[in-house]
Structures are given as C-alpha cells and as structure tokens.
Amino acid sequence: MTRDKGSRDNRWYLSIMAPNTKGNKFAWLDPTSIYINGEAFNDLLDDLVADLDGLTIDVVAGLDAMGFVLGSALATRLKVGFLPVRKAGKLCVETDKVEFNNYSGRTQDMELRKPAFAEGTKVLVVDQWVETGGTMDGAIRLIERQGGKVVGLAAVAIEENAVTDAYRKKYRCVSGVVQGSQWQKECNAQQLSSFKTYKPEMAFPRIR
C-alpha cells in the first residue's frame, strides 16, 4: 500500500482517512487513521518536512488537541521544541487567553503559557485540519501578542476559502493535501472518493 518513495506526489495515506459515521456535530472525517499506521504517518511527515525546507523555525506550536500529535512529531523531525496551545483552564501557570470560533461555529477560549518564548521567536503553527480558520486565528493572535513571529502553518489538509487564501499569502502553508490536486478539490467539497472503498483495516498497523 505504500508509495514509490521516488514520487512525493503520491499521497496514498490520504485514502485511509475515515468518513464521519456519527453525524453533523462531529468533523466530516477522521484523519487519525494516518497516525495509527506507521508507514502512513512517516510518509506524511516526510512530505511536510520536505515542503518546509528552507524555512527557519525555532519552535512548533500545536493546537489542542489533535494538533498535539502532528505538531510534536514535526517538532521532533525538525529538532526544535514543541509548544502546546491549550483549551482554556488547563494550564497551572500564568496564561494569556483569546476567544475564537471553531469549525462548528461554537465560541471557545484558548490559552498560551506566559511568557512562552523570547520576542522574535519564529513559530510554525500546526493543527490536524484547517477548515474555517477560526482556531488557527486564535493561536496566531496569542503567539503574536507575545512577540512571536508566525512563519508557517502545517496540517494534514488546509481547505480553500477566503480565510485560508489569506493565510497562504502571508505564511508558508504546507499540508499533506496539495493545492491543485484532486484531493484538494474533494477536501473543499468535504467528500472524498476514497470513502467508497474505505475499510478500517486499511489503516491497521503492521504486526511484526
């Protein structure tokens, strides 16, 4: 199931993402099956790291909660530190807080430890998926309040809309889903053709 390593255009791991089976209050798909499968997760990381080549990053900030998985893995690959951006009320130290609207339209608060870094620190912000951009906006505001410089955004996918178009103009934006690809069109429509053949065992880890 793995790709020809000579071809980075083959994002095979996207085809093992699971469709939503629980209704509208949940996200429309579940990318965590990529993380479960070691080959898929490492191929995703390979692609993201390659697309970040040449970008100076001092720390990776991951958004609560699934951005922690992808963000910490990227930080390890990039050999930099990891900064969690938490939902409000979780940290036992001094924090700064902002209000944001998540992908479902609900208003929430997120926090960042204060101080978290020196002024001028270059930050890569990571979330699992960027749909409406509301959660990402809250994180960017928190980082910039402390004098951090957001240099890039990373995710499994970044959907295309007015908000994310503005992000792409301002920051280096990288994702497993490449702009201009069929995957991008299907993500924008929030319906993957791979859902027709999806089976949970497609993502099972290899037994050794």
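Backbone phi angles across segment 12-18, fed through the Karplus curve with coefficients 6.51, -1.76 and 1.60 (θ = phi - 60°), yield HN-Hα couplings of 4, 5, 5, 6, 9, 6, 8 Hz in residue order; Gly and Pro are listed as x.
For the chain, what is the relative contact order in percent, using Cα pairs closer than 8 Å and at least 6 residues apart in sequence? Mind showing how you got there, number by number?
On the way: 368 pairs, mean separation 42.4, N = 208.
Relative contact order, the chain: 20 percent.
Charge dipole of segment 26-127 (Cα centre as origin; +1 on each Lys and Arg Cβ, -1 on each Asp and Glu Cβ, all else neutral): 440 debye, rounded to the nearest 20. Given +1 at the Cβ of Lys and Arg, -1 at the Cβ of Asp and Glu and no other charges, the dipole of the chain around its Cα centre is 260 debye to the nearest 20.
Taking the 0 to 90 degree range and rounding to the nearest ten, how far is the long axis of helix 67-78 tilted relative to the main principal axis of the chain, both from C-alpha atoms? Between the helix axis and the principal axis of the chain, the angle is about 90 degrees. Using the Cβ-Cβ distance between Glu144 and Asn188 with R0 set to 35 Å, the FRET efficiency works out to roughly 0.80.
Near Gly81, the amide H atoms lying under 5 Å from its own belong to Val60; only residues 5 or more places off or on other chains count, and H is placed 1.01 Å from N.
If both residues of a DSSP beta bridge must be in the chain, then about 35% of such bridges are antiparallel. For the chain, the longest principal axis of the C-alpha atoms and the axis of helix 134-145 are separated by about 40°.
Label-to-label distance for Thr56 and Thr76 is 2.8 nm, based on points extended 7 Å past Cα in the beta-carbon direction.
Amide H contacts of Val150 (H built 1.01 Å from N, in plane; Pro and chain starts excluded): Val123 sit under 5 Å, all sequence-distant by 5 or more or on other chains. Set against the labelled values [x] 47, 37, 37; [y] 56, 44, 31; [z] 48, 42, 27, Cα extents along the principal axes in Å computed from this structure falls on [x]. The amide H of Thr95, built 1.01 Å from its N in the peptide plane, has Lys114 as neighbours under 5 Å, considering only residues 5 or more places off or on other chains.
With the helix formula -39500 (n - 2.57) applied to DSSP H stretches of n ≥ 4, the chain reaches a computed 222 nm mean residue ellipticity of -8500 deg cm²/dmol.
Any read-out appearing in this document is the output of simple, stated calculations on the displayed coordinates, not a laboratory observation. Being a predicted model, the structure only gives us computed values, none of them experimental. Note: ideal-geometry Cβ built from the backbone for every residue, glycine included; neighbour counts use all protein chains shown.
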